[in-house]
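The values are calculated or read from the model by the stated rules, or taken from the named source; none is laboratory data. Bear in mind that the values here come from a model prediction, so they are computed numbers and not experimental data. Glycine also receives a Cβ, built like all others from the backbone with ideal geometry; neighbour counts cover every protein chain displayed.
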Amino acid sequence: MFISVDELKEAGLLLNLEEPLIAFPVLIEIADSGSCQFVGPVTIQAKVFKIHEMVVVEGLAAVCATFTCSRCLKEFEQSVSSDFVLTYCRELPQVEVEVEVDGEEEGAELSADDMGLILFDGQKIDLSESIQEQLVMALPSRPVCDEKCKGLCPQCGVDLDLASCDCRPQAVSLKMAALKDFKVKKT
Ligand SMILES: [Zn+2]
Ligand SMILES: [Zn+2]
């Protein structure tokens with residue numbers, strides 16, 4: 001997934017890409033670890049344009065994946081997508097910032113990261129790594145099939161979206177009893 005910088009015209013460029021998963025080793029690693037399975041390719045729609053010596057890529061990356069709901073353990077499919085603005089440059093602009101160290105002003109250099117820039121060499125920009133990073137950050141840490149999912153009863157394991165059980169009130173009363181004991185001990 002390369003952008004040829006020399007061929008980039010003033011008017012910019014529209015990207016509409018489908019990239020196979022094989023181009024994203026970290027996503028494959030995540031799938032291998034079992035936390036989700038990716039379905040189909042990664043799609044990227046983006047505008048690419050030059051601003052002075054910088055190349056800006058602005059768009060949306062998405063991939064479909066199946067997750068296991070962290071509440072009810074059912075499998076469900078969901079699209080993982082991320083809006084992004086990536087700014088690439090060959091060298092960092094000269095920016096000096098004054099930092100106070102032990103009461104004395106010192107010049108400090110900002111890193112590419114500090115400035116939100118990505119460095120590249122040569123005539124080509126490889127988008128894969130940054131897009132991959134965007135998608136990894138967009139993955140849910142606790143996937144939920146539905147915000148309203150009630151999940152499984154922690155005691156009898158019944159799916160509370162499909163049925164109800166008598167465990168819940170009991171669990172609450174047990175907690176109340178424990179709380180009462182605690183108060184008694186404290187006084
Ligand atoms: Zn669920
Ligand atoms: Zn139950």
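Observations on the structure shown:
- Unique residue being in contact with a Leu (Cβ under 7 Å, 6 or more places away or on another chain) and assigned by TED's automatic domain parsing to the domain that holds Gly116 when the list is Ser70, Ser33, Ser81: Ser81
- Selected residue (only one of Phe76, Phe38 is touching a Phe, Trp or Tyr at 6+ places or on another chain (Cβ under 9 Å), farther than 20 Å from Glu129 by Cβ, part of a strand (DSSP E or B) and among the aromatic types (Phe, Trp, Tyr)): Phe76
- Residue satisfying condition, being part of a strand (DSSP E or B), crowded, with 16+ Cβ neighbours inside 10 Å and either away from ligand 2 (no atom under 16 Å from the Cβ) or of a type in the set (S, T, N, Q) (or both), within set Ile30, Ile44: Ile44
- Residue within the stretch 43-52 that is over 27 Å from Val144 (Cα atoms), assigned by TED's automatic domain parsing to the domain that holds Leu127 and aromatic (Phe, Trp, Tyr) present: yes
- Selected residue (criterion: nearest to Tyr88 (Cα to Cα)) from residues of the stretch 125-158 that are surrounded by fewer than 17 Cβ atoms within 10 Å (Cβ to Cβ), among the hydrophobic types (A, V, I, L, M, F, W, C) and within 16 Å of ligand 2 (Cβ to nearest atom): Val158
For every residue, the table says whether it meets (1) in a helix (DSSP H, G or I); (2) modelled with pLDDT of 90 or more; (3) in the same structural domain as Val42 (by TED's automatic domain parsing); (4) farther than 22 Å from Leu86 by Cα.
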position	(1), (2), (3), (4)
Glu105	no, no, yes, yes
Gly122	no, no, yes, no
Ile125	no, yes, yes, no
Val136	yes, yes, yes, no
Pro143	no, yes, yes, yes
Ala163	no, yes, no, yes
Pro169	yes, no, no, yes
Phe182	yes, no, no, yes
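- Yes/no for Leu139 being hydrophobic (A, V, I, L, M, F, W, C) and under 19 Å from Val26 (Cα atoms): yes
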